[in-house]
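Below you'll find the structure, written out as structure tokens, and then a few comments.
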Amino acid sequence: MSRTFETIKLDVEGGVATITLARPERMNAINATMTLELISALDIVDKDDEVRAIILTGEGEKAFCAGADISGGAATFDYAKRDPGIRAEAERGGTYRDSGGRVALRIYNSLKPVIGAINGAAVGAGATIPLACDIRLASDTARFGFPFVRRGIVPESASSWFLPRIVGISTALEWVLSGRLISAAEARERRLVRSVHSPADLLPAARELATEIVANAAPVSVALTRQMLWRMQGSPHPMEAHRLDSRLVQALGASDDAREGINAFLEKRSPHFRQRVSTDLPEGFPWWTEEQF
């Protein structure tokens with residue numbers, strides 16, 4: 001895999017893709033180019049069967065992502081004023097889709113597990129985009145902030161859906177209504193992050209977790225399982241989950257990977273799964289019907 005980006009870096013080693021936000025001179029703030037490049041990188045690794053897990057992090061120890069690039073000044077969030085295309089769409093009755101939300105939804109739709117390694121300040125979109133990651137780890141220097149009400153706007157990146165599901169509605173409301181900074185220790189206590197590490201240990205810890213998935217889990221099973229768990233968050237009754245998992249267990253139960261998983265367990269050896277996400281997802285996937293992002 002070879003691809004050069006302007007605002008991010010993409011590296012693949014041992015089945016793990018590391019996507020690094022790489023604008024350290026701007027505290028890795030997200031701009032239009034980074035939005036498109038993050039989506040492109042996620043598209044690339046989703047199609048690469050050699051990639052079995054993804055780590056999302058930022059360059060340097062100071063910041064994971066400082067949120068939207070506000071170098072445009074007070075008009076930063078006045079999208080219709082800044083962009084004639086957005087203004088024309090609004091006049092036609094359309095709605096602007098925020099950049100952070102486009103990235104978060106692309107992570108949500110990933111076929112590979114995504115681990116967020118939050119290496120420093122994570123504010124605004126820098127705090128909301130990683131909510132779509134399956135697992136988050138943080139440096140002990142990390143600080144999280146949801147300062148939208150302090151800027152006269154509202155939370156974005158679909159965070160009103162993600163954040164309460166991760167930390168509970170009361171904590172979510174406390175954080176977004178106050179807009180205060182949250183330490184890595186509090187983030188762990190409130191379940192926003194799985195664990196807190198020294199800056200030097202953060203990426204190795206994230207990679208250890210990713211490697212455990214790569215070494216032991218069937219890629220097709222991983223792709224289906226993460227989508228099952230995420231999409232059942234809004235299901236009104238467990239019967240919906242029962243119907244879905246019954247269908248998928250039946251579909252995968254006769255597969256080569258299922259046979260290999262059982263044989264590896266009985267023979268007390270590591271499994272060698274052969275099925276590929278690009279070609280072997282079961283018929284009927286995706287099973288949901290809403291628009292894909």
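The numbers here are math on the coordinates, done by the rules we state, and not lab data. Nothing here was measured: the structure is a model prediction, and the numbers come from that model. Note that each Cβ is placed from the backbone with ideal geometry, even for glycine, and that neighbours are counted across all protein chains shown.
Figures for the structure shown
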read-out	value
0 to 90° range, to nearest 10: angle between helix 99-108 axis and the chain longest Cα axis	10
Charge dipole (debye, nearest 20) of the stretch 217-280; +1 at Cβ of Lys and Arg, -1 at Cβ of Asp and Glu	80
Burial ordering of Arg180, Arg190, fewest other beta-carbon atoms within 10 Å first	Arg180, Arg190
Student exercise, the chain dipole from Lys, Arg, Asp, Glu Cβ charges, in Debye to nearest 20	580
3J(HN,Hα) from dihedral phi, the stretch 138-143, Karplus parametrisation 6.51/-1.76/1.60, rounded to Hz, x for glycine, proline	9, 6, 5, 8, 5, 9
Residues Trp161, Trp287 arranged by fewest to most Cβ contacts within 10 Å	Trp287, Trp161
Square roots of 5 times each gyration tensor eigenvalue, C-alpha, the chain, largest first, Å	33, 22, 19
Proxy reagent accessibility, fewest Cβ within 10 Å first, across Ile262, Ile118	Ile262, Ile118
Nearest 10 degrees, 0 to 90: helix 169-178 Cα axis against the chain principal axis	30
Compactness relative to 2.2 N^0.38 Å, alpha carbon Rg of the stretch 164-286	1.39
Most mobile of Ala138, Ala241, Ala184 in a GNM of the chain (Cα contacts under 10 Å)	Ala241
Residue (of Pro155, Gly67, Thr57) at the positive-pole extreme of the chain, dipole from beta-carbon charges	Pro155
Dipole magnitude (debye, nearest 20) for the stretch 179-293, charges at Cβ of Lys, Arg, Asp, Glu	260
